[in-house]
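The values are calculated or read from the model by the stated rules, or taken from the named source; none is laboratory data. Remember, it's a predicted structure, so these values are computed and weren't measured experimentally. Positions of Cβ are generated from backbone atoms using ideal geometry, with glycine treated the same way; all protein chains shown enter the neighbour counts. Heads up: the accessible areas ignore ligands, DNA and RNA and are worked out on the full protein's heavy atoms, side chains in. Shrake-Rupley method; radii C 1.70, N 1.55, O 1.52, S 1.80 Å.
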Amino acid sequence: MSLDKQAAAFTRSVQAQAGLAGQRRTVAAPQPTATTTTPQTTLKRKKVVDRSKPAPAPIVYSQPTDTSLMGQHILTQVHHAVQFLKLRESPQTMQQIADYLSIHITPSLLEILKRNERITYDASANTFEFKPIHNIRSAQALLAFLQQQTTAQGLSVKELKDGWSGAIDTIADLEERSEILVTRTKKDNQPRMVWINDRTLDVQVEEEFMNIWHKVVIPPPGELPGELERAGLKPTSVDPATIKKDVKATQKGRKRAVNRRVKISNTHMNGILKDSKELKSGGWKK
């Protein structure tokens, strides 16, 4: 065999081995399988409605039921009843109170209203009326009450307004006619106390006397007793300048001698230890 044939055969054998190696290396990769996910659905039970039965009608609440005090405590009902009578300022029947409170008057509530100290119960007419502090609800009643007063204490406007809504307007009208005297608050100028204006005390003074009166100069309170004495008048009070202060000499008491008992220790060393009183800056005293 020639060299050319041997070289050709060697080349073919090499190419054949290379082809086998390539076939072994190339392995088909598995293709991914497409997975489809389906959403999970929850099945709900449908409510079975019985069409044969009629639907219940909605409950309609009336206005008195919404604003009633039926479920409230009995003392709350009494409070609202008293306020109702206070605003009306006239006798009211039991039915009128029940209509206002939108409740049914129970025997226990009726008994409490009859015994309440702020309510006047008329058994003959079966009516209830608010009892104010002062039974005054008119200008004539106010003037009559003030004229019967034996003191100059006056009457509180706050007490007048208790059960009398027209107290402020009536006081303003009487003050304008000079029939009463009124003191007012500084903050909002509201009436505070009232007195009767006694017309018998109104005295007409001549203008000449008024001028002489205003020309008199009154000295200060500290100089007034001295001025009266110089004028030959005896003052009702003592002149402060003549008052002598009574200064008492303070006696000094003798100091009591304190007897301090000292417990002597180290008695077994007498004669060995020296007394410290003999100790001076220069050393032991010899």
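Tell me, what % of the accessible area of the stretch 139-201 is carbon and sulfur with a 1.4 angstrom probe? Don't skip to the end; give the middle numbers.
On the way: 2020 of 4250 Å².
Here carbon and sulfur together make up 48 percent of the probe-accessible area.
Per-residue counts of other Cβ atoms within 10 Å, averaged by peptide: what ranking do you get for 159-165, 115-121, 231-237, 201-207, highest first? Present the calculation step by step, with values, prior to reporting the outcome.
On the way: 159-165: 17.4, 115-121: 14.0, 231-237: 8.6, 201-207: 6.6.
The densest-packed peptide leads the list: 159-165, 115-121, 231-237, 201-207.
Give the relative contact order (percent, whole number) for the stretch 139-201; include only Cα pairs under 8 Å separated by 6+ residues. Walk me through the intermediate numbers first.
Numbers: 60 pairs, mean separation 21.6, N = 63.
After rounding, I find 34 percent.
Determine the gain in length on full extension of the stretch Thr183-Ser124; use 0.36 nm per residue of separation and subtract their C-alpha separation, reporting nm with one decimal. Can you show the working numbers first?
Values: separation 59, 0.36 × 59 = 21.24 nm, distance 4.23 nm.
Result: 17.0 nm gained on full extension.
Where the accessible area of the stretch 67-130 is counted over protein heavy atoms with a 1.4 Å probe, how much of it, in %, is carbon and sulfur? Walk me through the intermediate numbers first.
Details: 2000 of 3840 Å².
Here it works out to 52 percent.
What does the net charge come to around Ile119 if you take all other residues with beta carbon closer than 10 Å to its beta carbon, with K and R at +1 and D and E at -1?
On the way: positive: Lys86, Lys114, Arg115, Arg118, Lys131; negative: Glu117, Glu129.
Combined, the nearby Lys, Arg, Asp and Glu give +3.
Give, as a single signed number, the net charge of other residues whose beta carbon lies under 11 Å from the beta carbon of Gly166, with Lys and Arg counted +1 and Asp and Glu -1.
My count for the surroundings of Gly166 gives -1.
How charged is the neighbourhood of Thr183? Take every other residue with its Cβ under 14 Å from the Cβ of Thr183, and add Lys/Arg as +1 and Asp/Glu as -1.
Working: positive: Lys158, Arg184, Lys186, Lys187, Arg192; negative: Glu175, Asp188.
Computed value for this residue: +3.
At Asp99 and Thr11, where each label point lies 7 Å from the Cα along Cα→Cβ, what is the point-to-point distance in nanometres?
It works out to 13.1 nm between the two label points.
For the stretch 177-240, rounded, prolate or oblate, judged on the Cα gyration tensor with a ≥ b ≥ c (square roots of eigenvalues), a/c < 1.5 rounded, else prolate if a/b > b/c?
Values: a/c = 2.93, a/b = 1.83, b/c = 1.60.
The shape class here is prolate.
Roughly how many Å² is the accessible area per residue of the stretch 139-201, as a whole number, for a 1.4 Å probe? Kindly include the intermediate steps, with their values, before the conclusion.
Values: 4250 Å² over 63 residues.
Per-residue value: 68 Å².
Give me, ordered by chain and number, the residues 5 or more places off Leu181 or on other chains with an amide H under 5 Å from its own placed amide H.
For Leu181, the qualifying residues are Trp195, Ile196, Asn197.
Where does each of Arg177, Arg230, Arg12 land when they are ordered by accessible area, with a 1.4 Å probe and the largest first? Kindly include the intermediate steps, with their values, before the conclusion.
Numbers: Arg177 115, Arg230 175, Arg12 150 Å².
Largest accessible area first, the residues go Arg230, Arg12, Arg177.
From the phi of every residue in the stretch 84-98, what ³J(HN,Hα) in whole Hz does the Karplus formula 6.51 cos²θ - 1.76 cosθ + 1.60 yield, where θ is phi - 60° and glycine or proline is x?
Result, rounded to whole Hz: 5, 5, 5, 6, 6, 6, 7, x, 10, 7, 5, 5, 5, 5, 5.
Taking amide H positions as placed in the peptide plane 1.01 Å from N, state which residues far from Thr120 in sequence (5 or more) or on other chains have amide H under 5 Å from it.
Here the answer is Glu129, Phe130, Lys131, since their amide H atoms fall under 5 Å of that of Thr120.
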